[in-house]
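Just so you know, all these numbers are worked out from the coordinates, no wet-lab data involved. Since the structure is predicted, the reported quantities are computational estimates derived from the model, not experimental observations. So basically every Cβ, Gly included, is an ideal-geometry build from the backbone, and we count neighbours across all protein chains shown.
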Ligand SMILES: Nc1ncnc2c1ncn2[C@@H]1O[C@H](COP(=O)(O)OP(=O)(O)O)[C@@H](O)[C@H]1O
Ligand SMILES: [Mg+2]
């Protein structure tokens, strides 16, 4: 029997925190191994645009634009019926009750945050909705630069929010170059991006099962 779909959503009210970058790279990593769907629920459609620009000969996650509750519900139902092993949901930058239902549908919620004061200011709103959902959840440290002071300060700060740090993505030009070109970081010549994304993908699976 085929295993059920694992639904992983990437959620934060902060625009630019790295939701789409993380959703796209996780979906891309898993799609190389197993049927994976990427649901783009953000009306801005950045993930959908990524897929449109992606060279057709490269293996890709099935990517569906589904802004609005009705479209997202339909896409999620179909992805489950068709037994996609992983369903990654890229969310818009809101933390409102309107998207709380999507958190309920998830097996794991990832909250990306950059280690900067600006990102932390509005984090509580995001975390409150995550806690209200009572779902498994954790932070992804994004655009991480280990040499900066903030890198040392962020761990105890995040610990206060009562959620683990599941994984890290470094600050890499390859991610920002790859996204508008329809590529992943490793496909624009940064092999360390591949290593890092694979490590993240494994940690996310472990968190989905363990937390
Ligand atoms: N780890 C990273 N390293 C370098 N650039 C990044 C990284 N994560 C995101 N970016 C860039 O920051 C911008 C916002 O990222 P994005 O993933 O679109 O955020 P969100 O979906 O949360 O609004 C994009 O230009 C993206 O390429
Ligand atoms: Mg986005």
*Extending each Cα 7 Å along its Cβ direction at residue 56 and residue 177, get the distance between those two points in nm, one decimal.*
2.7
*For a footprinting-style exposure proxy, rank 25, 186 by other Cβ within 10 Å, fewest first.*
186, 25
*residue 117 to residue 71: extension gain in nm, 0.36 nm per residue of separation minus the Cα-Cα distance?*
13.1 nm
*222 nm [θ] for the chain, helices only, -39500 (n - 2.57) per DSSP H run of 4+, per residue, to 500?*
-14000 deg cm²/dmol
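Test of understanding: what is the full-extension gain from residue 152 to residue 4, defined as 0.36 nm times their sequence separation minus their Cα-Cα distance?
Numbers: separation 148, 0.36 × 148 = 53.28 nm, distance 3.85 nm.
Full extension of this stretch gives 49.4 nm more.
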*asked:* What whole-number distance in Å separates the alpha-carbon centres of the stretch 74-103 and the stretch 128-193?
replied: 20
*For an R0 of 35 angstrom, estimate the FRET efficiency from the Cβ-Cβ distance between residue 78 and residue 132 and round to the nearest 0.05.*
0.80
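Quick check: from the Cα gyration tensor, does the stretch 128-169 come out rounded (a/c under 1.5), prolate or oblate? Display every interim value, and only then the final one.
Working: a/c = 3.33, a/b = 2.03, b/c = 1.64.
Because a/c hits 1.5 or more and a/b exceeds b/c, the stretch 128-169 counts as prolate.
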*Under 1.5 on a/c is rounded, so check that first for the stretch 6-210, then, if it is not, pick prolate when a/b is larger than b/c and oblate when it is not; a ≥ b ≥ c are the square roots of the alpha carbon gyration tensor eigenvalues.*
oblate
